[in-house]
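Taking it in order: structure first as structure tokens, then the write-up.
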Amino acid sequence: MRNGETLVLRRLAGVGAGDYAARGRVDGFAPSDFEGAIQQGMRTAIVLAEDVEASGFPLPFREKQDRLVWNGKTLVIRSVDDATRRIGGVVIAYVLELAGA
């Protein structure tokens, strides 16, 4: 991932609680996107599946419970899309909808 950086996936409680490093990219939404369910402060992240697996992060993601730490901010993982970035049925990257910054 050329424009990526190291992000931290955080499981707060239960089995696998802790921090896990994975490469990814965080993007904001355009002002025209702020309709319906998208609110100001929301972002998306694309996180490489191979890094998530190699880090030992306990899948599946727990929506609204797991966190992503980026640029000193802790964001809530609101939803996870594991279908958009698949090739031949293999997940290449997860698209995470984030809230909190």
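Just so you know, all these numbers are worked out from the coordinates, no wet-lab data involved. Here the structure is a predicted model, which is why all the values come from computation and not from measurement. Methodologically, a virtual Cβ is constructed for each residue, glycine included, from the backbone with ideal geometry; neighbour enumeration extends over all protein chains shown.
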* To do: Give the peptides 13-23, 50-60 in descending order of average Cβ contacts within 10 Å, highest first.
  => 50-60, 13-23
* What's the local net charge at GLY18, with K and R +1, D and E -1, over the other residues with C-beta under 10 Å away? -> +1
* To do: Using a cut-off of under 12 Å, list every residue of the stretch 72-92 whose amide N is near the label point 7 Å from the Cα of GLU50 along the Cα-to-beta-carbon line.
  => 92
* About its Cα centre, what dipole magnitude does the stretch 43-101 give when the only charges are +1 on Lys and Arg Cβ and -1 on Asp and Glu Cβ, stated in debye to the nearest 20? -> 260 debye
